[in-house]
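Peer 1: A single structure is presented below for examination.
The values are calculated or read from the model by the stated rules, or taken from the named source; none is laboratory data. Note that the coordinates shown come from a computational prediction; the quantities given were computed from them, not determined experimentally. A quick note on method: Cβ atoms are made from the backbone with ideal geometry, for glycine too, and the neighbour counts reach across all protein chains shown. We work out accessible area using only protein heavy atoms, side chains counted, and drop any ligands, DNA or RNA first. Shrake-Rupley method; radii C 1.70, N 1.55, O 1.52, S 1.80 Å.
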Amino acid sequence: MAILPIIEIPDARLRKISEPVETFDAELQQLIDDMFETMYDAPGIGLAAIQVGVARRVLVIDLQEEGEGVKNPRVFINPEFSEPSEEKNVYTEGCLSIPDQFADVERPATIRAKWLDRDGKPHDEVLDGLLATCLQHEVDHLEGIVFTDHLSRMKRDMVLKKLEKLRRQQRAA
Ligand code: GNR
Ligand code: NI
């Protein structure tokens, strides 16, 4: 197991489109284990492989709050959506690749998702709540999209300026 470095905007790799997984080999199992360790360490509730520089359609999610004890690790490989609800949810999102910045993002409240788990077994479920929101955030990463892309230009510029300021302060410290 290893904690992998998380890449941050404006790293061009975050704009790459990730490739489907075709073989469920030991290398994939290692990547999944390392992604969980990296996500729990950050800490975050989700992580896409491209955030650790691997352009594969692999996501890990655990909505459990830090310190809550019971872990609920979920793996989503080659995920696909259909049937987005008309109803929307607004959630204040953050991203490990855009550190310490948060903004409200509106997304469909429920979606039907199909994916493979770490053994390659298919799943097909209608998801809602934070899991639906988080999975949509993660699938965006597979398409080279980050949450600030969903904001108005004014809000996006505000978030990016705050991030620049934070980085300047961190460099000075
Ligand atoms: O840790 C994370 N929290 C979060 C909060 C609201 C909506 C989405 C997320 S995902 C994020 C981790 C991350 O960057 N995943 O790509
Ligand atoms: Ni993210």
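Peer 1: If a residue has to be touching a Leu at 6+ places or on another chain (Cβ under 8 Å) and basic (Lys, Arg) to count, how many in region 1-49 make the cut?
Peer 2: So the count comes out to 0.
Peer 1: Among the residues of region 76-90, is any in a strand (DSSP E or B), of a type in the set (Ser, Thr, Tyr) and farther than 22 Å from Asp62 by Cβ?
Peer 2: Within region 76-90 (the criterion being in a strand (DSSP E or B), of a type in the set (Ser, Thr, Tyr) and farther than 22 Å from Asp62 by Cβ), the answer is yes, since at least one residue qualifies.
Peer 1: Please state which one of Gln136, Gln101 is within 13 Å of ligand 2 (Cβ to nearest atom), under 23 Å from Asp34 (Cα atoms) and either polar (S, T, N, Q) or part of a loop (DSSP other than H, G, I, E, B) (or both).
Peer 2: Gln136
Peer 1: Being away from ligand 2 (no atom under 16 Å from the Cβ) and in contact (Cβ under 8 Å) with a residue 12 or more places away in the chain is the filter here, so list the residues in region 27-55 that pass it.
Peer 2: Leu28, Gln29, Leu31, Ile32, Asp33, Asp34, Glu37 - these are the residues of region 27-55 that are away from ligand 2 (no atom under 16 Å from the Cβ) and in contact (Cβ under 8 Å) with a residue 12 or more places away in the chain.
Peer 1: Please specify each residue of region 45-74 satisfying the condition of being modelled with pLDDT of 95 or more, away from ligand 1 (no atom under 14 Å from the Cβ) and either among the basic types (Lys, Arg) or buried (at least 17 other Cβ atoms within 10 Å of the Cβ) (or both).
Peer 2: Listed by number, the list holds a single entry, Arg56.
Peer 1: Oh, and also: Does Gln170 meet the test of being modelled with pLDDT under 95, among the polar types (S, T, N, Q) and over 30 Å from Gln30 (Cα atoms)?
Peer 2: Taking the combined requirement at face value, the residue satisfies it.
Peer 1: Looking only at region 81-136, count how many residues are open to solvent by 20 Å² or more (accessible area, probe 1.4 Å), within 14 Å of ligand 1 (Cβ to nearest atom) and within 29 Å of Ala26 (Cα to Cα).
Peer 2: 1
Peer 1: While we're on this one: Hey, could you check region 137-173 for residues that are open to solvent by less than 30 Å² (accessible area, probe 1.4 Å) and not aliphatic (A, V, I, L, M) and say which is farthest from Glu80 (Cα to Cα)?
Peer 2: Thr148
Peer 1: State all residues of region 21-44 that are in a loop (DSSP other than H, G, I, E, B) and within 13 Å of ligand 1 (Cβ to nearest atom); if no residue qualifies, say none.
Peer 2: Selection gives Ala42, Pro43, Gly44.
Peer 1: Kindly indicate which of Val126, Val159 is assigned to a strand (DSSP E or B) and in contact with a Ser or Thr (Cβ under 9 Å, 6 or more places away or on another chain).
Peer 2: Residue meeting the stated conditions: Val126.
Peer 1: Let me ask something else. Within region 140-169, count every residue that is without any contact (Cβ under 8 Å) to a residue 12 or more places away in the chain and closer than 21 Å to Ile17 by Cα.
Peer 2: Of the residues in region 140-169, 3 are without any contact (Cβ under 8 Å) to a residue 12 or more places away in the chain and closer than 21 Å to Ile17 by Cα.
Peer 1: Hey, another quick one. Can you find a residue that is part of a helix (DSSP H, G or I) and among the aliphatic types (A, V, I, L, M) anywhere in region 5-20?
Peer 2: Within region 5-20, one or more residues are part of a helix (DSSP H, G or I) and among the aliphatic types (A, V, I, L, M).
Peer 1: Working carefully through the options Glu87, Glu80, Glu93, find the one that is of a type in the set (Asp, Glu) and touching a helix residue (DSSP H, G or I) at 6+ places or on another chain (Cβ under 8 Å).
Peer 2: Glu93
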